[in-house]
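Undergrad: Got a structure for you, questions after.
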Amino acid sequence: MFAASLIILSALSANADYQISAAKGPYFVCDSRVIMDRWLSERFITAPVRHESNPLLTRAHAWEGSGPHLGGSVLFDKKELIYRMWYSVFNRHAYDNRLPFSYNVCYAESTDGISWTRPFLGVFDYEGSTENNIIKLGTDKTQNIDVCLNPIPDQWPGKFLAIHNQKGGVFVSGSDDGKTFTRLWEPPAISYHSDTHNNFVYDEVRERWLLFCRPRFYAGDHKRRVSMQSSSDLEQWTHERNILVPGENEPAEFYGMTVWRRGDLYFGLVQVYDRTTGTPFLELAWSGDGEHWDRVPTHPAFMSQGPEGAWDAGMVFPAETPVEVGDTLRYYYGGFPLPHDTKMENVGAIGLMVGERDRFVGIRATSEKPGFVLTRPFVVGGRDLFVNARIAGELRAELRVGNNKTVDGWTFADCDAVTGTGYEMEVTWGGKSLSEAPAGDVAVNFSLHNAELFTFDLRKQ
């Protein structure tokens, strides 16, 4: 993984209000706060691929109802070296008869993230027995859950923090073992029904939580929009406001959005829902502040349903945060064979898609000619330049200063062509690293000839 790095943007930058001197790399080329201009180049999405062992979890016990799905979270516990999964289950009989716990959450563990066990926890009474893997949470239901490792244990109790749907709204809870949760406060973070996979993310730079949910006010006949509210203490929250509304050329509903952080960006998977077909697909979005979001304007799918007849042909819903494993990211997701509003039994299962690390959105040339990507000006500050790229041809870079002037010795012609594929390949000029460049503000212009650039990083070696 790229090391955290510091960049000081010039006061003359067109986005001088954004100071990434306190931010962490890598720096994504889709981020307009870092990239100033593109020429003969386009953004594109790199979608993850399905794992050959899918589905990983299928219905195995009576209390799993219509089968496991995510409505939940998957985390790798680095201290205990295990994967932990919290997944949702739905009991149609209890729901139709208005019985308690028609929705619930179960727990599973794995040493490799592929083969999972369902340990009996002994904490929840299901039909007179506690021999099950249901966690203890809520008084009448636990509908969807988002679990994260507690970023500041001295401020909030428990190794894990969670938000979850329950009668009365969405509540915040803590847990030491991930199996028994206790509400941190009785008042809910959201005091109305937000019927989606609500999720929260901690922004360590701005020291605040962002909670992504559905709104309480909406123009049409349904609240399928993406709203957000924030808090510095998990107790007092701002009023929610819509941050994503479908455009004129899109289906009219967003079922929800799961959000995670990489570098100094938020990434989200928007669940674009077509009511006429009942099938959502997942589109990638990104944001510098969690409030203003960008997407590729052609709206390519990041994760789609499986082929006709497959266990996930009807719907796919992701866990909120991919799990990093080496140079890959694992996207766990719940799938259903049938669409959303089917009257038939729709038995869910959980699967996995795998993508390349930090290769969410790339930039490439739009033709056989080179395309160009220009960064905003920054102070080199003794740092060297590295790129995360897939290159069939070559990548070069040159330095620009002043009125878009090149720097002698630091032009495309001087640059040592970068070839091949790698996550942290250094860019040099006649063997010289960027740290040897003249002092002052510089912008880097990348030339992409049959090459795909995803991120760059600046760091001291």
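Undergrad: Given (1) at pLDDT 95 or above; (2) within 19 Å of ARG261 (Cα to Cα); (3) touching an Asp or Glu at 6+ places or on another chain (Cβ under 7 Å), identify the lone condition not met by ILE82.
TA: Tallying (1) at pLDDT 95 or above; (2) within 19 Å of ARG261 (Cα to Cα); (3) touching an Asp or Glu at 6+ places or on another chain (Cβ under 7 Å), ILE82 fails exactly one: (2).
Undergrad: So, of the residues in segment 308-342 that are without any contact (Cβ under 8 Å) to a residue 60 or more places away in the chain and within 22 Å of TYR266 (Cβ to Cβ), which turns out to be least open to solvent (accessible area, probe 1.4 Å)?
TA: The qualifying residue least open to solvent (accessible area, probe 1.4 Å) is VAL316.
Undergrad: Filter segment 405-418 down to residues that are assigned to a strand (DSSP E or B) and without any contact (Cβ under 8 Å) to a residue 12 or more places away in the chain and give me whichever is most open to solvent (accessible area, probe 1.4 Å).
TA: Top of the filtered list is LYS405.
Undergrad: Across segment 215-262, what is the number of residues that are within 19 Å of GLY71 (Cα to Cα), out of contact with any Phe, Trp or Tyr (no Cβ under 6 Å at 6 or more places or on another chain) and among the β-branched types (Val, Ile, Thr)?
TA: 1
Undergrad: So, of the residues in segment 229-245 that are in a strand (DSSP E or B) and of a type in the set (Gly, Ala, Ser), which turns out to be least open to solvent (accessible area, probe 1.4 Å)?
TA: Only one residue fits best here, namely SER231.
Undergrad: What about GLU248, is it in contact (Cβ under 8 Å) with a residue 12 or more places away in the chain and either assigned to a loop (DSSP other than H, G, I, E, B) or on the phi > 0 side of the Ramachandran plot (or both)?
TA: Against the criterion (in contact (Cβ under 8 Å) with a residue 12 or more places away in the chain and either assigned to a loop (DSSP other than H, G, I, E, B) or on the phi > 0 side of the Ramachandran plot (or both)), GLU248 does not qualify.
Undergrad: Condition first: outside any helix (DSSP H, G or I) and loosely packed, with under 12 Cβ neighbours inside 10 Å. Now tell me which residues in segment 90-110 satisfy that.
TA: If the condition is that a residue be outside any helix (DSSP H, G or I) and loosely packed, with under 12 Cβ neighbours inside 10 Å, then ASN97, ARG98 are the ones that fit.
Undergrad: Of the conditions (1) of a type outside the set (D, E, K, R); (2) open to solvent by less than 30 Å² (accessible area, probe 1.4 Å); (3) more than 20 Å from GLN461 (Cα to Cα); (4) without any contact (Cβ under 8 Å) to a residue 60 or more places away in the chain, GLY402 clears all except one; give me its number.
TA: Answer for GLY402: the failing condition is (2).
Undergrad: Any idea how many residues of segment 429-452 are free of Cβ contacts under 8 Å to residues at least 40 places away in the same chain, touching a Cys at 6+ places or on another chain (Cβ under 9 Å) and either of a type in the set (D, E, K, R) or open to solvent by less than 30 Å² (accessible area, probe 1.4 Å) (or both)?
TA: Looking only at that region, the number is 1.
Undergrad: Turning to a different aspect of this structure: Give the residue, chosen from ALA365, ALA319, that is over 27 Å from TRP116 (Cβ atoms), modelled with pLDDT of 95 or more and among the small types (Gly, Ala, Ser).
TA: That would be ALA365, the only listed residue that is over 27 Å from TRP116 (Cβ atoms), modelled with pLDDT of 95 or more and among the small types (Gly, Ala, Ser).
Undergrad: PRO119 passes all but one of (1) within 19 Å of ALA319 (Cα to Cα); (2) at pLDDT 95 or above; (3) assigned to a loop (DSSP other than H, G, I, E, B); which number fails?
TA: Looking at each condition in turn, PRO119 falls short on (1).
Undergrad: Collect the residues in segment 26-49 that are open to solvent by 20 Å² or more (accessible area, probe 1.4 Å), farther than 25 Å from TYR332 by Cα and aliphatic (A, V, I, L, M), keeping them in residue-number order.
TA: Passing the criteria: MET36, LEU40.
Undergrad: Name the residues in segment 124-159 that are touching a helix residue (DSSP H, G or I) at 6+ places or on another chain (Cβ under 8 Å) and closer than 25 Å to PRO322 by Cα, would you?
TA: If the condition is that a residue be touching a helix residue (DSSP H, G or I) at 6+ places or on another chain (Cβ under 8 Å) and closer than 25 Å to PRO322 by Cα, then ILE134 is the only one that fits.
Undergrad: Also, quick follow-up: Please find, among GLU345, GLU394, GLU356, GLU368, the residue that is under 18 Å from the mean Cα position of the chain (by Cα) and open to solvent by 40 Å² or more (accessible area, probe 1.4 Å).
TA: Matching residue, one of GLU345, GLU394, GLU356, GLU368: GLU356.
Undergrad: Out of the residues in segment 50-82 that are closer than 15 Å to ILE114 by Cα and of a type in the set (A, V, I, L, M), state the one that is most open to solvent (accessible area, probe 1.4 Å).
TA: LEU81
Undergrad: Here is a further query. Filter segment 293-307 down to residues that are more than 22 Å from GLY113 (Cα to Cα) and free of Cβ contacts under 8 Å to residues at least 40 places away in the same chain and give me whichever is surrounded by the most Cβ atoms within 10 Å (Cβ to Cβ).
TA: Here the answer is ARG295.
Undergrad: Would you point out which residue out of THR421, THR455 is hydroxyl-bearing (Ser, Thr, Tyr), modelled with pLDDT of 95 or more and open to solvent by less than 10 Å² (accessible area, probe 1.4 Å)?
TA: Of THR421, THR455, the one residue that is hydroxyl-bearing (Ser, Thr, Tyr), modelled with pLDDT of 95 or more and open to solvent by less than 10 Å² (accessible area, probe 1.4 Å) is THR455.
Undergrad: Sticking with this structure for a sec: It is to be established whether one or more residues within segment 118-125 are within 23 Å of GLU345 (Cβ to Cβ) and not aromatic (Phe, Trp, Tyr).
TA: Yes: segment 118-125 contains one or more residues that are within 23 Å of GLU345 (Cβ to Cβ) and not aromatic (Phe, Trp, Tyr).
Undergrad: State which residue pairs qualify: first residue under 15 Å from TYR333 (Cα atoms) and modelled with pLDDT of 95 or more and inside segment 252-278, second residue of a type in the set (D, E, K, R) and open to solvent by less than 10 Å² (accessible area, probe 1.4 Å) in any location, beta carbons under 7 Å apart, and separation of 6 or more residues or different chains.
TA: The qualifying pairs are THR258/GLU320; VAL259/GLU320; TRP260/GLU320; VAL270/GLU283.
Undergrad: A follow-up question, please. Do the conditions hold for LEU352, that is, is it in contact (Cβ under 8 Å) with a residue 60 or more places away in the chain, aliphatic (A, V, I, L, M) and within 30 Å of MET315 (Cβ to Cβ)?
TA: Answer is yes for this residue.
Undergrad: Answer yes or no: is there a residue in segment 142-150 that is loosely packed, with under 12 Cβ neighbours inside 10 Å and either under 16 Å from VAL172 (Cβ atoms) or of a type in the set (Val, Ile, Thr) (or both).
TA: No, that holds for no residue.
Undergrad: Would you check if there is a residue in segment 7-26 being at pLDDT 85 or above and part of a loop (DSSP other than H, G, I, E, B)?
TA: Within segment 7-26 (the criterion being at pLDDT 85 or above and part of a loop (DSSP other than H, G, I, E, B)), the answer is yes, since at least one residue qualifies.
The values are calculated or read from the model by the stated rules, or taken from the named source; none is laboratory data. Just so you know, these numbers come straight off a predicted model, no measurement behind them. Here the Cβ is made from the backbone with ideal geometry for all residues, glycine too, and neighbour counts use every protein chain on show. Accessible surface is based on the protein model in full, side chains and every heavy atom, while ligands, DNA and RNA are left aside. Shrake-Rupley method; radii C 1.70, N 1.55, O 1.52, S 1.80 Å.
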